[in-house]
Amino acid sequence: MSRDVFLDLESDPFVGEHGLEYLFGYVFKDVHGAFVYEGDWAFTRVDEKRAIEKFVEVCGNRHRRAAKGLGRRRHPNSCLNQPYPLRACQW
C-alpha cells in the first residue's frame, strides 16, 4: 500500500459533446510515508488534458523511483486504485 495511488475522478457527462473530467484527485504516500493529496481542477479541455498529463507524470515519477530500488522491488504489488471503471477520455 505504501506505493499505491488512489484516484478519484469527478466528471460532468453533459458538458459539450463528450462531457468533462473536471476534478482529478489522488492520494499517495510520499518518500517519508506521509499522505499527499493532489487535486487538479479542469474547466476546459486544455485544463483536462493538463490535469491528466500531470497525473501520468506523478505516476511515472513514482515508477522511476521504484525502478531504482526505492520502492517497487520492496512493494511489487503496488497499483493504481480507482473505484469505478474509467471511460475513454475525449482528447
Filtering region 7-47 down to residues that are outside any strand (DSSP E or B), at pLDDT 90 or above and among the acidic types (Asp, Glu) yields ASP47
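Take the residues of region 52-91 that are in contact with a Leu (Cβ under 8 Å, 6 or more places away or on another chain) and either modelled with pLDDT of 80 or more or among the aromatic types (Phe, Trp, Tyr) (or both): which is nearest to ASP12 (Cα to Cα)?
Applying the first criterion (in contact with a Leu (Cβ under 8 Å, 6 or more places away or on another chain)) to region 52-91 yields 55, 59, 80-82, 86.
With the extra rule that they be either modelled with pLDDT of 80 or more or among the aromatic types (Phe, Trp, Tyr) (or both), the set shrinks to 55, 59.
Values: PHE55: 19, CYS59: 24 Å.
Selected residue: PHE55.
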A careful count of residues in region 18-43 that are touching a residue at least 12 places away in the same chain (Cβ under 8 Å) and surrounded by fewer than 12 Cβ atoms within 10 Å (Cβ to Cβ) gives 4
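Got at least one residue in region 60-67 being among the hydrophobic types (A, V, I, L, M, F, W, C) and in contact with a strand residue (DSSP E or B) (Cβ under 6 Å, 6 or more places away or on another chain)? Spell out how you get there, then give the answer.
Restricting attention to region 60-67, the residues satisfying the condition of being among the hydrophobic types (A, V, I, L, M, F, W, C) are 66-67.
Narrowing further to those that are in contact with a strand residue (DSSP E or B) (Cβ under 6 Å, 6 or more places away or on another chain): none.
No, that holds for no residue.
The values are calculated or read from the model by the stated rules, or taken from the named source; none is laboratory data. Just so it is clear, the structure is predicted and the values come from calculations on it, not from any experiment. Note that we place each Cβ from the backbone using ideal geometry, even for glycine, and neighbour counts take in every protein chain shown.
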